[in-house]
Amino acid sequence: MTLKLLRALIMGPPGSGKGTISSRIIKDFSMKHLSSGDLLRHQILLKTEAGLAAKKYIDQGGLVPDDIMVKLLVDELKQIKTSSWLLDGFPRTVPQAQALYEKEPLDVVLNLNIPDYIIIDRIKGRWTHAPSGRIYHTEFNPPKVPGKDDVTGEPLIQRDDDKEETVRKRLEGYQKMTQPVLQFYREHGILEEFKGKYSNEIWPHVHKYMSTKITPLQYTEYS
Ligand code: AMP
């Protein structure tokens, strides 16, 4: 008997809870998680040819060229022979999607469709104690004294990355970059959208959908 392995991709804007949902998927469905960002960082650490070539683009805050990405990811995917996989961060462009389609076609694409205002609200509430890296949130994990670190009493700062304007720009950039990729998968009939505000709200739907594609390690009833 040949085992049917599932080839999946998860997409979602930064701050959408993609990390949380991905880790639940790989745990419940025993899939291998393949993040292009992690893979690149690993290649850079190992100083491989692809890693060195990619580093200069990453350092400049740009995208790594499609040919480098496609080769890296396709080579990696070909090595996974006995496990279903969940891609994350790749493809990011239509040429990448097209190349993947020709070499290792996907079965499903999950898109986390979280309203921008929710993501902005969530991130802009984050305050950091810079020396220790301790992170607070005005709503979910407030410091005992507003604006002060619990341990040292020192002032908390808002990282540039967490400022509303920065988050808004990042989300716009993400939408612009990914719309054509989402459209590509929509046209191929494999795009499944998940709308919602919170990971815990979306997760039962993702779990239910994934269970129609691959057997979970254990059945869980979500109401
Ligand atoms: P990430 O951890 O997904 O944010 O990726 C970190 C960096 O790696 C990105 O800012 C890009 O420079 C690069 N990168 C990751 N995935 C891709 C991709 N699919 N295409 C091009 N560049 C990528």
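Quick check, is TYR209 closer than 19 Å to ARG92 by Cα, open to solvent by less than 90 Å² (accessible area, probe 1.4 Å) and not hydrophobic (A, V, I, L, M, F, W, C)?
Details: closer than 19 Å to ARG92 by Cα: no; open to solvent by less than 90 Å² (accessible area, probe 1.4 Å): yes; not hydrophobic (A, V, I, L, M, F, W, C): yes.
No.
Quick one: in region 19-55, which of the residues that are of a type outside the set (Asp, Glu), within 10 Å of the ligand (Cβ to nearest atom) and out of contact with any helix residue (DSSP H, G or I) (no Cβ under 7 Å at 6 or more places or on another chain) is farthest from PRO95 (Cα to Cα)? I'd like the intermediate steps shown before the answer.
Residues of region 19-55 of a type outside the set (Asp, Glu): 19-27, 29-37, 39-48, 50-55.
This time we only want the ones that are within 10 Å of the ligand (Cβ to nearest atom), so: 35-37, 39-41, 44, 54-55.
Next cut, out of contact with any helix residue (DSSP H, G or I) (no Cβ under 7 Å at 6 or more places or on another chain) only: 35, 37, 41.
Working: SER35: 18, GLY37: 18, ARG41: 22 Å.
Out of the qualifying residues, it is ARG41.
For region 22-34, which residues satisfy the criterion of being touching a Phe, Trp or Tyr at 6+ places or on another chain (Cβ under 8 Å) and not in a helix (DSSP H, G or I)? Step through it out loud before you land on a result.
Here is the first cut: in region 22-34, the residues touching a Phe, Trp or Tyr at 6+ places or on another chain (Cβ under 8 Å) are 24, 31-34.
The answer is MET31, LYS32, HIS33, LEU34.
Pick out, from region 87-187, the helices (runs of 4 or more DSSP H) lying fully within it that include 2 or more residues that are among the aromatic types (Phe, Trp, Tyr).
Details: elements: 94-103, 116-124, 164-187.
Hits in region 87-187: 164-187.
When region 180-199 is examined, which residues are found to be surrounded by 12 or more Cβ atoms within 10 Å (Cβ to Cβ) and either touching a His at 6+ places or on another chain (Cβ under 7 Å) or free of Cβ contacts under 8 Å to residues at least 24 places away in the same chain (or both)?
Listed by number, the residues that qualify are GLN183, ARG186, PHE194.
Name every residue in region 38-79 that is assigned to a helix (DSSP H, G or I), small (Gly, Ala, Ser) and free of Cβ contacts under 8 Å to residues at least 12 places away in the same chain, in order of residue number.
Step one: filter region 38-79 for residues assigned to a helix (DSSP H, G or I), giving 38-46, 49-59, 66-79.
Narrowing the set further to residues that are small (Gly, Ala, Ser) leaves 50-51, 53-54.
Across region 38-79, the qualifying residue is only GLY51.
Of all residues in region 60-100, how many are hydrophobic (A, V, I, L, M, F, W, C), away from the ligand (no atom under 13 Å from the Cβ) and surrounded by fewer than 18 Cβ atoms within 10 Å (Cβ to Cβ)?
Result for region 60-100: 1.
The values are calculated or read from the model by the stated rules, or taken from the named source; none is laboratory data. Computed from a predicted structure; not experimentally measured. Here the Cβ is made from the backbone with ideal geometry for all residues, glycine too, and neighbour counts use every protein chain on show. Remember, those area values only see protein heavy atoms, side chains included, never the ligands or the DNA or RNA. Shrake-Rupley method; radii C 1.70, N 1.55, O 1.52, S 1.80 Å.
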